[in-house]
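Below is one structure, written out as structure tokens; comments come after it.
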Amino acid sequence: MTMFLVRTAARTAVRTNSCRSFCVSHTHLSDRKGLVLGVFEKKEEEEEGTLHLTEAAAGFDKSLSGKLSELLKLSGPALKNGKSRVFYGLHKDFPCVAVVGLGKNNAGVCGTENWDTSKENIRQAVSAGCRLLQDLEVSHVEVDSCGDAQSAAEGAVLGLFQYDQLKSKKKTKVTTQLHGSADVVGWEKGVMYGEGQNLARLLMEAPANHITPTAFAKTIEEKLAPHADRVTIHKRPQAWIEEQQMGAFLSVSKGSEEPPVFLELHYNGSPDSKQPPLLLVGKGITFDSGGISLKPSASMDAMRADMGGAATVCASIVTAASLKLPVNIIGLAPLCENMPSGKATKPGDVVRAKNGKTIQVDNTDAEGRLILADALCYGHVFNPRAIVNVATLTGAMDVALGSAAAGVFTNSDWLWEQLHRASVVTGDRVWRMPLFQHYTKQVTDSQLADLNNIGKYSRSGGACTAAAFLREFVKAPHWAHLDIAGVMSNKDEIPYLRKGMSGRPTRTLVEFAAGLAHNG
Ligand code: BES
Ligand code: ZN
Ligand code: ZN
């Protein structure tokens, strides 16, 4: 070949027919191989056109006697962070090579962003490169580790995910592999972290008529089947929930024709079977219509993801099992629909939670805190070392932080440190929120009962009053509530996630559990 064709990620891409026919004539469409390689930005003091290829890209360039760097200089301005360019016909094994911009080398942890910029840049760049190749119908992609194989794998696996099960026309299925043998262990870890988050995305995105409480429990059971030696699963039916006197949970489920399920997962990964477990509790409303306090119909479809807490908690346990983390984890997911009907709870009704506290249900749309109240009470029987509950709990959380970070309400500085550390590594951030008595006073003031479920001044500080409500059901010294309503879905703000339900913060939960596993 004497001529090499270039495609950029921009809309004005050069994509000629001759380029396409070149690829097709040399290899069969379905087994075309692609390669993603990284390039760092030049340092400020360096002159225009200075190239900083990654180790793998430099090796590839060398094998082609400098052809890649020559073309990179010829083909346009230096690649900015997250931008990519495709070269065709450079190498007989790789008809398409995507070069991606990684930003500054060694950017590291950023104190104001609260994440590791290098890792985020790698996720973003690799994801963009993989997607470009997917659009070209490349079915197998080798990926440069870019100096951090785990982040590269996460970018590839997360970037390529698309929920198209229910469409006739599907995107090209792409398999990925580490290019070279740099850090296979890191790559495989990244694949598991990414696949964990993708499992949560799948459950959240799926329509509510497909993922009912029963179907949710069955899916998780199937995912955990390969780990049967370390995992026990209980799918508790309605009769068990009644025996447990979970009156708050039942008050939500009773408006629906779908039976509730209380899913209980035990992952025994620690060599010490008596090690107190980490307890994860996830809100599992498979559809939140609001109940009698019916939500407006615009965007109500998004409430199919109101089981995001249960999805991320269960997906993180599946991932912990795949990673064989040496830690014990118990997962609890109260699963049901919140629907209006002749049998549904009415505003003003009073119900009794498992711990005997009475609750005036002033608004049936504040249902998440009701199902979590009973799950939290029950969870104490396991004498956990820490309790973390995760819930798409309040629209107010989205108003407060948007999709930048999940809110963490915790009574434990130690637990906060652990969660925060994990989130800096994963880039799926958390931010601490208050648990003042100020808010507790607003939920313990009820005309008919011990508590009311919306707070006295329902609109103000809604995420904080919801957290104060949950606290009434916790006795443990290390408890954290993650309100994930703001991070539930992605438009385009996290560049390595396509538009849709996000599966956040699964990777942060896994990294947090891994941290506990390794610190004893
Ligand atoms: N599931 C919703 C919260 C939600 C809203 C999650 C938007 C994700 C995106 C929750 O059950 C709810 O409806 N909360 C009410 C509480 C209010 C009635 C006190 C809310 O936030 O409006
Ligand atoms: Zn609701
Ligand atoms: Zn809800």
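The values are calculated or read from the model by the stated rules, or taken from the named source; none is laboratory data. If you're wondering where the values come from, they're calculated on a predicted model, not measured in any experiment. Heads up, the Cβs are rebuilt from the backbone with ideal geometry, glycines too, and the neighbour counts pull from every protein chain shown.
Asp450 meets the stated requirement of being acidic (Asp, Glu), modelled with pLDDT of 95 or more, away from ligand 2 (no atom under 16 Å from the Cβ) and crowded, with 16+ Cβ neighbours inside 10 Å.
Taking first residues from the range 362-380 that are closer than 16 Å to Leu279 by Cα and partners that are among the acidic types (Asp, Glu) and more than 15 Å from ligand 3 (Cβ to nearest atom), the Cβ contacts under 9 Å between residues at least 6 apart in sequence or on separate chains come to Ala373/Glu472; Tyr378/Glu264.
From the list Asp301, Asp306, the lone residue that is within 13 Å of ligand 3 (Cβ to nearest atom), closer than 20 Å to Val487 by Cα and acidic (Asp, Glu) is Asp306. Filtering the range 330-350 to residues that are part of a loop (DSSP other than H, G, I, E, B) and buried (at least 22 other Cβ atoms within 10 Å of the Cβ) leaves Met339, Thr345.
Residue count for the range 244-272 satisfying the condition of being at pLDDT 95 or above and not in a helix (DSSP H, G or I): 20. Among the residues of the range 285-297, is there at least one that is hydroxyl-bearing (Ser, Thr, Tyr), out of contact with any Cys (no Cβ under 8 Å at 6 or more places or on another chain), within 14 Å of ligand 3 (Cβ to nearest atom) and not in a strand (DSSP E or B)? Yes: the range 285-297 contains one or more residues that are hydroxyl-bearing (Ser, Thr, Tyr), out of contact with any Cys (no Cβ under 8 Å at 6 or more places or on another chain), within 14 Å of ligand 3 (Cβ to nearest atom) and not in a strand (DSSP E or B).
Pull up the range 483-495, narrow it to residues that are touching a helix residue (DSSP H, G or I) at 6+ places or on another chain (Cβ under 8 Å) and of a type outside the set (D, E, K, R), then point me to the one that is farthest from Gly309 (Cα to Cα).
Taking the range 483-495 first, the residues touching a helix residue (DSSP H, G or I) at 6+ places or on another chain (Cβ under 8 Å) are 483-486, 488-489, 495.
If we keep only those that are of a type outside the set (D, E, K, R) too, we end up with 484-486, 488-489, 495.
Numbers: Ile484: 7, Ala485: 9, Gly486: 12, Met488: 9, Ser489: 13, Pro495: 22 Å.
The selected residue is Pro495.
Residues that are part of a strand (DSSP E or B) and among the hydrophobic types (A, V, I, L, M, F, W, C) within the range 469-506 comprise Trp479, Ala480, Leu482, Met501, listed in sequence order. Just to be sure before I move on: is Val390 surrounded by fewer than 20 Cβ atoms within 10 Å (Cβ to Cβ), closer than 30 Å to Asn121 by Cβ, within 16 Å of ligand 1 (Cβ to nearest atom) and of a type in the set (Val, Ile, Thr) in the structure I sent? It is false that Val390 is surrounded by fewer than 20 Cβ atoms within 10 Å (Cβ to Cβ), closer than 30 Å to Asn121 by Cβ, within 16 Å of ligand 1 (Cβ to nearest atom) and of a type in the set (Val, Ile, Thr). Among the residues of the range 282-293, those identified as touching a Pro at 6+ places or on another chain (Cβ under 8 Å) and either within 10 Å of ligand 2 (Cβ to nearest atom) or under 27 Å from Ala513 (Cβ atoms) (or both) are Lys283, Gly284, Thr286, Ser289, Gly290, Gly291, Ser293. Is it the case that the range 480-500 has a residue that's under 28 Å from Asn383 (Cβ atoms), buried (at least 24 other Cβ atoms within 10 Å of the Cβ), within 16 Å of ligand 1 (Cβ to nearest atom) and charged (D, E, K, R)? Among the residues of the range 480-500, at least one is under 28 Å from Asn383 (Cβ atoms), buried (at least 24 other Cβ atoms within 10 Å of the Cβ), within 16 Å of ligand 1 (Cβ to nearest atom) and charged (D, E, K, R), which makes the answer yes.
For (1) in contact (Cβ under 8 Å) with a residue 24 or more places away in the chain; (2) in contact with a Ser or Thr (Cβ under 6 Å, 6 or more places away or on another chain); (3) over 30 Å from Leu37 (Cβ atoms); (4) surrounded by fewer than 20 Cβ atoms within 10 Å (Cβ to Cβ), each residue gets a yes or a no:
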position: Gly186; (1), (2), (3), (4): yes, no, no, yes
position: Tyr193; (1), (2), (3), (4): yes, no, no, no
position: Leu224; (1), (2), (3), (4): yes, no, yes, no
position: Asp229; (1), (2), (3), (4): no, no, yes, yes
position: Thr232; (1), (2), (3), (4): yes, no, yes, yes
position: Arg236; (1), (2), (3), (4): yes, no, yes, no
position: Glu243; (1), (2), (3), (4): no, no, yes, yes
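Among the residues of the range 351-369, those that are away from ligand 2 (no atom under 16 Å from the Cβ) and assigned to a strand (DSSP E or B) comprise Arg352, Thr358, Gln360.
Applying a threshold of 8 Å to beta carbon distances and a minimum spacing of six or more residues, or different chains, the list of pairs starting in the range 35-46 at a residue that is under 25 Å from Val97 (Cα atoms) and ending at one that is surrounded by 24 or more Cβ atoms within 10 Å (Cβ to Cβ) and of a type in the set (D, E, K, R) reads Leu35/Asp144; Val36/Asp144; Leu37/Asp144; Gly38/Asp144.
Is it the case that Val510 is in a helix (DSSP H, G or I) and crowded, with 24+ Cβ neighbours inside 10 Å?
Values: in a helix (DSSP H, G or I): yes; crowded, with 24+ Cβ neighbours inside 10 Å: yes.
Yes.
Note on the range 281-306: among residues that are within 11 Å of ligand 1 (Cβ to nearest atom), aliphatic (A, V, I, L, M) and buried (at least 23 other Cβ atoms within 10 Å of the Cβ), the one that is nearest to Ala206 (Cα to Cα) is Ala305.
Is it the case, given these coordinates, that Thr54 is without any contact (Cβ under 8 Å) to a residue 40 or more places away in the chain and either crowded, with 17+ Cβ neighbours inside 10 Å or under 32 Å from the mean Cα position of the chain (by Cα) (or both)? Break it down into steps so the answer makes sense when it comes.
On the way: without any contact (Cβ under 8 Å) to a residue 40 or more places away in the chain: no; either crowded, with 17+ Cβ neighbours inside 10 Å or under 32 Å from the mean Cα position of the chain (by Cα) (or both): yes.
Against the criterion (without any contact (Cβ under 8 Å) to a residue 40 or more places away in the chain and either crowded, with 17+ Cβ neighbours inside 10 Å or under 32 Å from the mean Cα position of the chain (by Cα) (or both)), Thr54 does not qualify.
In this entry, Lys475 is excluded by the filter for residues that are among the basic types (Lys, Arg) and within 16 Å of ligand 1 (Cβ to nearest atom). Each residue in the range 307-329 was checked for being outside any loop (DSSP other than H, G, I, E, B) and either within 16 Å of ligand 1 (Cβ to nearest atom) or within 19 Å of Ile387 (Cβ to Cβ) (or both), and 13 pass. If you go through the range 376-409 and keep only what is within 16 Å of ligand 3 (Cβ to nearest atom) and part of a strand (DSSP E or B), you end up with Asn389, Val390, Ala391, Ala406, Gly407. Tell me, please, whether a residue that is over 23 Å from the mean Cα position of the chain (by Cα) and surrounded by fewer than 24 Cβ atoms within 10 Å (Cβ to Cβ) can be found in the range 147-166. Taking every residue of the range 147-166 in turn, at least one turns out to be over 23 Å from the mean Cα position of the chain (by Cα) and surrounded by fewer than 24 Cβ atoms within 10 Å (Cβ to Cβ).
Among the residues making up the range 256-284, those that are within 13 Å of ligand 3 (Cβ to nearest atom) and closer than 16 Å to Met339 by Cα are Lys283, Gly284. With respect to the conditions (1) buried (at least 18 other Cβ atoms within 10 Å of the Cβ); (2) over 23 Å from Ile494 (Cβ atoms), His210 falls short on a single one, namely (1).
Among the residues of the range 5-12, is there at least one that is of a type in the set (Gly, Ala, Ser), modelled with pLDDT of 85 or more, touching a Lys or Arg at 6+ places or on another chain (Cβ under 9 Å) and in a loop (DSSP other than H, G, I, E, B)?
We begin by selecting, within the range 5-12, every residue of a type in the set (Gly, Ala, Ser); these are 9-10.
Those left that are additionally modelled with pLDDT of 85 or more: none.
No, the range 5-12 contains no residue that is of a type in the set (Gly, Ala, Ser), modelled with pLDDT of 85 or more, touching a Lys or Arg at 6+ places or on another chain (Cβ under 9 Å) and in a loop (DSSP other than H, G, I, E, B).
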